[in-house]
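Accompanying notes for the structure given below.
The values are calculated or read from the model by the stated rules, or taken from the named source; none is laboratory data. Please read these numbers as outputs of a predicted model, since none were measured by experiment. In this analysis, Cβ positions are derived from the backbone assuming ideal geometry, glycine residues included, and neighbour counts consider all displayed protein chains. Please note that ligands, DNA and RNA were not included when accessible areas were found on the heavy atoms of the full protein model with its side chains. Shrake-Rupley method; radii C 1.70, N 1.55, O 1.52, S 1.80 Å.
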Amino acid sequence: VLVSQGGFKVKKSDTKNPSRIAGNSAISRRTFTRGLLAAGLTAAIKPLVPAAMANSAKTEFDYIVVGAGAGGGPVAARLANAGYTVALLEAGVDPLVDQTTGLIYQTPSFAGVAAEFPNLSWDFYVQHYSDPAQQIRDTKYVPNKGILYPRGSTIGGSTAHDAMVFAYPHDQDWDDIADETGDNSWSARRMRKIFERLEKCEYCQPNAPGHGFDGYIPASRFDPQIFSLYPDLQNLAYAGLRPNQIPPGDINDPSVARGGTGAFVTPMHVATKVRISMREHLMATQMAHPDKLTIYTGALATKVLTRHRRAIGVEYMEGSSLYQADKLYDASATAATKRLFAKREVILSAGVFNTPQLLKLSGIGPAAELRHWGIPVVSDLPGVGRNLQDRVEITVNTSLNKGIELYTRCNPTDLQNDPCLFAWATGQWQGATPPFFGPYANNALYTSRVVRSRQADALPDLFIAGQATAFHGFFPGFSQMTLGQTWTWLILKVHTRNTGGTVTLHSKNPREMPDINFHYFDEGTDKRGEDLEATVEAIKIARGYNSKVSGAIKEELFPGADKNTDAELRQWIKDESWGHHAACTAKIGGRHDPLAVLDSRFRVRGVDNLRVVDACALPRIPGFFPVASIMMLGEKAGDTIVEDAEDDDHGHHHGHDHDAG
Ligand SMILES: Cc1cc2nc3c(=O)[nH]c(=O)nc-3n(C[C@H](O)[C@H](O)[C@H](O)COP(=O)(O)OP(=O)(O)OC[C@H]3O[C@@H](n4cnc5c(N)ncnc54)[C@H](O)[C@@H]3O)c2cc1C
């Protein structure tokens, strides 16, 4: 899900020097800063720890973690909290590097802008098909590149620019891993405890089952005053609900994890009005243990150093915008190569595309591909870069006869005079009981429906969310949209059946992006076409909701009134669908699974002292939205690694054989 407002335009020609980004945005730096000062925001966005990220002179640590996102953040923090020295290498900068970046990072409704903002995001370009005739039918296709696929690159990783949807997965997702690996620590019962440890529920009743109250990830909901103040918005959000479904339930209730369907409110990882990502947990940990956690920003890991099939350290390049996916990338820029050494282990958490790339560059992957590039094989693992999967995502967008007044007051191109930013900063809003932080305090997602399509097995397989946005996929400039003039049903086909995507090396150059191809639909593994049929059904369901509020709706913009028959809808979905939950490219699996890269303790097969802890490790994408699951996985990995370290120190072993399941 994406959310945005127009206004923070960064012109390509202006993006050479990161420190100048703020000054070159559509709003001048002076105007912007004055706007912020007027709103009294500077205190709110002051960096917590301004200088502690200086690159230290130390070169040896107990652990080295690569990537400060949803998976790497919890592990690095946990190991430092347990008393180990940790170097955390992050290619990006701190999201609070300057005021503009900080404001975009912290303001929930600017999430879409954040996903396009140079200091916070990388632009991958992916293929959906290898058939070029089908590929170019997508109106989002950028010639010679592909389809834009944003990823976070900053402290916090993609949690620093995601849409903050914080949803527990299905219990079955965890129980399947336990069954496949025979490792019962993955059981849903045990994993729920980890969720409870992570969460700080701001909206729950005290003692709500399955929730946590003291964790470091706040879970909050949009202000319920919004619906009483703006009943037109409530009408859209409640379209098609039966009276007994009002008010909608909590998507993180344990009954939903067991397979419940219906209408829900989905919380965000937001503290009242401010985005909280993995960054804040890392900063708090660093403040508590400055001698344990060292965060290297602008550190692009290029290789895992191994000796005798044992990871001993990491090679990295020092500098900003060194990776091709960075909007400020300059291929001719040079940078120093450095090395850090790990006394205990190296942990890769660089995300779904970069972790397999790093493994391969380090000689860990399919032997034939490595030999093709002249990379010496350390461990022949055919599963590295395979099993890439995503959700099928599409929207039904409609224009409205009358804009939603919650948003039409906003004036994001003149922040000094923007009542919405003023409300966000001060809690004051004409007509509301203070504090009311206005529309910028949430992700514009006002209802979530969990539905079983006719294709579903035991679990529901559709998530259909109502948003006050115009979002309809990723393309350069997608975030420059006005909120509140359109109503969008965002459709996610969950528990998808296509596992046929691949991440392969494009070159040996660690600064270049790998080739990413999802092999959608006919090209993939879902031979019966169930993902496609379920998505067709979802479009009809969303149109059914709209038919209940037809008085409010002017016209359908996507797919549009001319797409009606099943055949037309199928082709539309093949042409225009996208995803942003990619995962599973270095999966955990059982002893006899030839594509398993990791055992159930996150250990890379065939290489000692090396683990992978991020979206790659999942064998299948869990639940409706991945980030809560990946954070849980990071927490779990922290437990596992500390346990193994303590056992090693006491001479015990956790059955570390390279083929362990
Ligand atoms: C626009 C957008 C919106 C989203 N919205 C939601 C949502 O609302 N809810 C939800 O559940 N999920 C959402 N997601 C998905 C979710 O954010 C990701 O699935 C999740 O963050 C992935 O976690 P990760 O740990 O695998 O990687 P990331 O969180 O992406 O972290 C990887 C980190 O590694 C760093 N890195 C990569 N390569 C290197 C290298 N070689 N050296 C050093 N550092 C490196 C990157 O800079 C990055 O910081 C969204 C994703 C996007 C892109």
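The angle between the Cα long axis of helix 530-547 and the main principal axis of the chain comes to about 30°, on a 0 to 90 degree scale. Take R344: with every protein chain present and a 1.4 Å probe, its accessible area is about 60 Å². The distance linking region 362-434 with region 454-518 is 9 Å (Cα centroid to Cα centroid, whole angstrom). The angle between the Cα long axis of helix 278-288 and the longest principal axis of the Cα atoms of the chain comes to about 60 degrees, rounded to the nearest 10. Rolling a 1.4 Å probe over the protein heavy atoms leaves R192 with an accessible area of roughly 20 Å².
Around D131, with a cut-off of 9 angstrom between Cβ atoms, what is the net charge of the other residues, counting Lys and Arg +1 and Asp and Glu -1?
On the way: positive: none; negative: D522, E523.
Here the charged neighbours net out to -2.
Cross-link partners among lysines for K200, C-alpha distance below 30 Å, same-chain residues fewer than 8 apart left out? Partners found: K46, K273, K292, K493, K587, K636.
Note on the chain: helix-only mean residue ellipticity at 222 nm, from DSSP H runs of 4+ residues weighted -39500 (n - 2.57) and normalised by residue number, equals -7500 deg cm²/dmol. Annotation: K540 carries an accessible surface of approximately 90 Å², with a 1.4 Å probe and no ligand, DNA or RNA atoms counted.
With a 1.4 Å probe and all protein chains in place, put K554, K338, K140, K563 in order of accessible area, largest first.
Values: K554 135, K338 80, K140 10, K563 45 Å².
From most exposed to least exposed: K554, K338, K563, K140.
With the simple spin-label model, which puts each label point 7 Å out from Cα in the Cβ direction, the Q225 to A288 separation comes to 3.3 nm. Of the accessible area of the chain, computed with a 1.4 Å probe over protein heavy atoms only, carbon and sulfur atoms account for 50 percent.
Largest first, how would T107, T408 line up by accessible area (1.4 Å probe)? Walk me through the intermediate numbers first.
On the way: T107 0, T408 65 Å².
Reading off the accessible areas and sorting them downward yields T408, T107.
Peptides 357-370, 290-303, 236-249, ordered by how many other C-beta atoms sit within 10 Å of their residues on average, highest first, read 357-370, 290-303, 236-249.
The angle between the Cα long axis of helix 171-181 and the longest principal axis of the Cα atoms of the chain comes to about 20 degrees, rounded to the nearest 10. Our estimate of slack between N235 and T408, defined as 0.36 nm per intervening residue step minus the Cα-Cα distance, is 60.6 nm. Report, in listed order, any pair from K193/K527; K548/K574; K303/K327 with a Cα-Cα distance greater than 32 Å. From K193/K527; K548/K574; K303/K327, over 32 Å: K193/K527. Between the beta carbons of D214 and S187, assuming R0 = 35 Å, the FRET efficiency works out to 0.95 to the nearest 0.05. For the chain, the solvent-accessible area works out to 35 Å² per residue, with a probe of 1.4 Å and every protein chain left in place. If you sort the three axes of the alpha carbon gyration tensor as a ≥ b ≥ c, you get a/c of 1.5 or more for region 243-391 and a/b above b/c, which makes it prolate.
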